[in-house]
Amino acid sequence: MLNNCKEEDFYGFKLLLGDGYDQKISGGLWGIDVWSFINTLMLTLELKGNININHGFWSKVVLANQILLAIQIVVTVFFMNFKNSYIHQKAQSVVCCLLLLKLSLEGYQLFFLICESHKFYNKLRDTAVLGFFLGIILLIVSSFVYIKKVKKGDFSKKNYCDIDTGKYPYALVFGGIMTVKVIMNHSSETTSTLIFLACLIGIQYIIAASLPKSLIYSYCKFRFKSFIEEMPEIKKEKKSVIIKKSIKAMKANVFKWYRMPIKALKSFAGWRVKEKAPIIALILAYFETAIIIYVALIALFVFGVAFRRVYSYQLLSVPGIVFSMFVSFIVIIVMIVLFKIIKALFNK
């Protein structure tokens with residue numbers, strides 16, 4: 001489809017994704033691994049000792065997730081190596097696209113397992129299937145829109161302007177979420193399950209609307225040499241010296257960014273800030289949010305004991321920790337999307 005387009009027609013993608021994109025990928029892969037770990041762990045816990053589900057089928061699903069998670073971690077560790085991330089940047093770019101696609105879809109497994117486990121009505125499952133396929137359609141439509149824009153020359157040096165060209169999909173994202181919300185209003189299921197489904201659909205739609213940019217960028221890496229980032233020269237130093245410098249830099253970033261989670265999220269949302277936040281800042285924001293949620297669960301448990309309400313002790317055990325990590329991931333994603341919308345509306 002893009003064979004007739006020249007290199008200058010893809011000029012905007014270099015600016016859109018920015019310099020050092022490959023280094024951002026290698027750091028971002030850990031975020032995807034965290035999501036996959038939480039999803040796999042919750043699948044395993046939900047399956048364990050559950051008599052209401054088809055163990056023959058779901059055991060295979062959980063095993064497949066565990067194997068894929070192990071492969072993901074190995075791949076991530078491989079690309080965390082500075083040289084590997086540059087030497088194999090074509091493969092890294094493709095792997096990132098595949099893992100983003102997996103990230104957008106794998107949460108549905110847990111949702112359908114919960115539905116089968118708790119015997120939820122078919123209407124709720126049908127809503128999830130509808131949301132899933134609408135997300136696939138959005139990905140296809142979004143891809144064709146970007147291809148059309150490239151062919152029209154919207155990303156050429158002559159026509160490209162420094163605006164958020166991915167602004168239009170967010171209307172589709174929230175339109176899809178609101179449509180599903182209307183359908184869910186007629187369901188009698190628990191609020192937490194509905195919120196979970198809405199978050200899954202929201203994440204899928206956001207990735208579906210933005211993934212075509214990364215796909216086209218990967219295509220450019222295979223076709224044009226100018227899209228291949230050259231590895232900067234590094235002075236040869238002893239491994240011990242490099243490790244000490246890395247630890248020192250990490251400590252400095254931790255002490256600097258743990259007090260500024262909102263600023264870090266704004267940076268990752270593309271706001272104009274004095275200093276770009278490193279990936280460690282996003283990780284800190286994630287764990288800080290998870291800790292706050294877990295503390296809230298502890299407070300809820302204490303409240304239940306004090307006022308003789310029934311709150312499960314599991315709030316304080318592994319399920320509570322996993323729940324806190326999962327909700328924290330959702331909160332971080334939602335916050336970044338909100339900041340992106342504010343940036344698009346008010347040109348921040």
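Read-outs: derived from the displayed coordinates by stated rules, not from any lab. Here the structure is a predicted model, which means the values were calculated and not measured. Cβ placement follows ideal geometry from the backbone for every residue including glycine, while neighbour counts extend to all protein chains displayed.
So here's what we get for this one:
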{"read-out": "Total charge dipole magnitude, the stretch 58-136, about the Cα centre, Cβ charges on Lys, Arg, Asp, Glu only, Debye to nearest 20", "value": "80"}
{"read-out": "Chain lengthening between Lys119 and Lys90 when straightened (0.36 nm per residue, less Cα-Cα)", "value": "5.9 nm"}
